[in-house]
1. Return the tail of the calculated pair distribution for the chain, meaning the percent of Cα-Cα pairs more than 23 Å apart.
2. Cα to Cα, under 19 Å, and not fewer than 8 places away if on the same chain: which aspartates and glutamates meet these conditions relative to residue 197?
3. In terms of modelled amide H atoms, which long-range or inter-chain residues lie less than 5 Å from the amide H of residue 8?
4. Once you keep just the Cα pairs under 8 angstrom separated by 6 or more residues, what percentage relative contact order results for the range 38-81?
5. So how far apart, in nm, are the two label points at residue 96 and residue 73 if each is 7 Å from Cα heading toward Cβ?
6. What is the set of long-range amide H partners of residue 38 at a cut-off below 5 Å, with H atoms built 1.01 Å from backbone N?
7. Given axes a ≥ b ≥ c from the Cα gyration tensor, I'd like to know whether the range 7-129 is rounded (a/c under 1.5), prolate (a/b larger than b/c) or oblate.
8. For the residues 57, 124, what sequence is obtained by ranking on other C-beta atoms within 10 Å, fewest first?
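No lab work stands behind these numbers, since they all come straight from the coordinates. Quick caveat, the model's predicted, so the values are computed rather than measured. Heads up, the Cβs are rebuilt from the backbone with ideal geometry, glycines too, and the neighbour counts pull from every protein chain shown.
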Amino acid sequence: MDSVHPFRVAVLEDSRSVQQMLRSVLTDVPDLLLTEIYSSTEAALERTEDPAPDVFIVDIDLPGRSGLEFIDEARNTLTNTQFMVFTIHDDDDMVFQALLCGANGYLLKSTSPNSLIEGVHELIAGGSPMSASVARRVIEHMRPQANDGGHHFEELTERENQVLDLLSRGLLYKEIAEKMELSVFTVKNHIRHIYAKLHVQTRVEAANKYFGR
């Protein structure tokens, strides 16, 4: 990572305790720079920080307009910004509404600090981080009812196919590493190769191919 030019992260969150937690977590990561914390959608839409953040961590429930309204509007001007929903909501309607509004990732507030940082890095790398329960719900929604399992891709190595299977079932990088007795770094390398070989950019696109959609 480039320590001279860290990735810029902004936050839209009205809870002071969550603001404090995010400030504590993000400021401990050398390659991330917390640039601003906004307490309302209206304030975030009037933002003046320059350059724009690389990542915007966004709560849904806010005073006034919701975080999803912010993402839907802000993505038109912040074209190079990745939007990460950070919320207590894990119901189907909210998850899919967030994705339709333009969210690139969806993490629950029960996420551990380490997984949150991993999610931010995955987002920056072009992935779509999701809490495991959320990812499984998205995948179940996409999976054909008659499909009993995934596919084996000849262009992938046996190990890459194993990683893809676990990734498509919603496991986090750390969980895949533990199951396969690999380092997280090795898992990330496998996933990078999988994305390149399958010509996809996100976990959801990879799962879509894996389940034959």
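1. Values: 10320 of 22578 pairs.
Of all Cα-Cα pairs in the chain, 46 percent lie more than 23 Å apart.
2. Answer for residue 197, where 19 Å is the Cα cut-off: 122, 154, 155, 158, 160, 165, 205, listed by chain and number.
3. Those lying under 5 Å, H to H, from residue 8 are 33, 54, 55.
4. Details: 33 pairs, mean separation 20.7, N = 44.
47 percent.
5. 2.6
6. 11, 12, 13
7. Values: a/c = 1.22, a/b = 1.09, b/c = 1.11.
Rounded is the answer for the range 7-129, as its axis ratio a/c remains below 1.5.
8. Values: 57 27, 124 16.
Starting with the residue having the fewest Cβ neighbours, the order is 124, 57.
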